[in-house]
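Reading through the structure tokens given below for one structure.
The values are calculated or read from the model by the stated rules, or taken from the named source; none is laboratory data. Owing to the predicted nature of the structure, the values given are computational and were not obtained by experimental measurement. Heads up, the Cβs are rebuilt from the backbone with ideal geometry, glycines too, and the neighbour counts pull from every protein chain shown.
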Amino acid sequence: MEDEAEPVEGPSVMSTVGAVGLDARPTTSGTERAPAKQARSRRTRQRLIAAGRELIEHQDFDDTGIAQFASMADVSVGAFYHHFRDKDDYYAAIVETITDSMWQRFEAEFHGRDLASLDTPTMVRHAVQFIRDVVIDSQGLMRTALKKSMQDPAAWEPIRGFARSYSQHLHTLLSARSDDIAYRPLDLGIRRGMQMLYSTLFNAVINRPEPMAIEDPQIVDELTHMMIAYLGVRTDNAG
């Protein structure tokens, strides 16, 4: 188990001997030790956050003790408190890490690819597939954030912010294809359609309703059909 504590240093026997004329064993200076210590500290923090992400996928965050998070990360409780003031500070770090990964995926998926060649129905399916996959990989966070939002509405804000920005980006993409979409005004149609999409996905995470689980590939087909029908997307030129 890794601990952040550093041993107390004093004059070594060899350095004392060196003072009377013998060669002392080379020692590592404080400036040379600092990068290694910082790297170890970063690894410890990363392991703690990874442990938190893993555990909230399978159990209630508020019911999980700090000792269990530390044990999962293979560090001491003291090391936990070296990096985080308390569980609230720890939770905020987990949320930041997960939302950062959401944005990285978004950038890779929509800014790192050429989507111009996709027809409009395929574009809609692509958008539905992406957000379904993001929700699947963030189920623990969403359950935890929803529970916390009952006491503190701001707890849901990171998820709301991502969902709102994603809807705005989808509006930008589909506005360039307005000739293929019947719904007017288009902005309102996209926001309403995304509201229904998010509601279905979040409900699938929280309540696990039947007949389709969020992991069921068919849910992407059904939600794509819903969006296409609601927006009045032309399908006669779909590839």
For residue 227, work out the one condition from (1) in contact with a strand residue (DSSP E or B) (Cβ under 8 Å, 6 or more places away or on another chain); (2) not in a helix (DSSP H, G or I) it doesn't fulfil. (2)
Report, ordered by the first and then the second residue, all pairs with beta carbons closer than 7 Å, sequence separation of six or more or different chains, a first member in the range 50-69 that is at negative phi and assigned to a loop (DSSP other than H, G, I, E, B), and a second member that is polar (S, T, N, Q) and surrounded by 15 or more Cβ atoms within 10 Å (Cβ to Cβ). 57/139; 61/144
For residue 93, are the conditions met, namely being modelled with pLDDT of 95 or more, closer than 30 Å to residue 67 by Cβ and of a type in the set (A, V, I, L, M)? yes
Sole residue being more than 24 Å from residue 148 (Cα to Cα), within 32 Å of the chain's Cα centre (by Cα) and modelled with pLDDT of 75 or more, chosen from 64, 44: 44
Give just the number: which of (1) more than 25 Å from residue 189 (Cβ to Cβ); (2) loosely packed, with under 14 Cβ neighbours inside 10 Å does residue 111 not satisfy? (1)
Which one is surrounded by the most Cβ atoms within 10 Å (Cβ to Cβ) among residues in the range 192-224 that are assigned to a loop (DSSP other than H, G, I, E, B) and under 25 Å from the mean Cα position of the chain (by Cα)? 214
What do you reckon, is residue 181 under 21 Å from residue 110 (Cβ atoms), among the β-branched types (Val, Ile, Thr) and modelled with pLDDT of 95 or more? yes
Residue that is surrounded by the fewest Cβ atoms within 10 Å (Cβ to Cβ) [pool: residues in the range 171-185 that are without any contact (Cβ under 8 Å) to a residue 60 or more places away in the chain and outside any helix (DSSP H, G or I)]: 185
Here is a check on your reading of the model: is residue 208 out of contact with any Gly (no Cβ under 7 Å at 6 or more places or on another chain) and in contact (Cβ under 8 Å) with a residue 12 or more places away in the chain? no
When the range 153-170 is examined, which residues are found to be over 16 Å from the mean Cα position of the chain (by Cα), under 19 Å from residue 115 (Cβ atoms) and either β-branched (Val, Ile, Thr) or surrounded by fewer than 16 Cβ atoms within 10 Å (Cβ to Cβ) (or both)? 168, 169
Six or more apart or on different chains, Cβ atoms under 9 Å: show the pairs whose first residue is in the range 73-90 and among the aromatic types (Phe, Trp, Tyr) and whose second is in a loop (DSSP other than H, G, I, E, B) and surrounded by 13 or more Cβ atoms within 10 Å (Cβ to Cβ). 90/84
Residues satisfying the stated conditions in the range 107-122, i.e. of a type in the set (A, V, I, L, M, F, W, C) and touching a helix residue (DSSP H, G or I) at 6+ places or on another chain (Cβ under 7 Å): 110, 115, 118
How do the pairs read when you match residues in the range 123-135 that are under 17 Å from residue 202 (Cβ atoms) with residues anywhere that are of a type in the set (D, E, K, R) and part of a helix (DSSP H, G or I), using Cβ under 7 Å and keeping only pairs 6 or more apart or on different chains? 130/109; 134/105
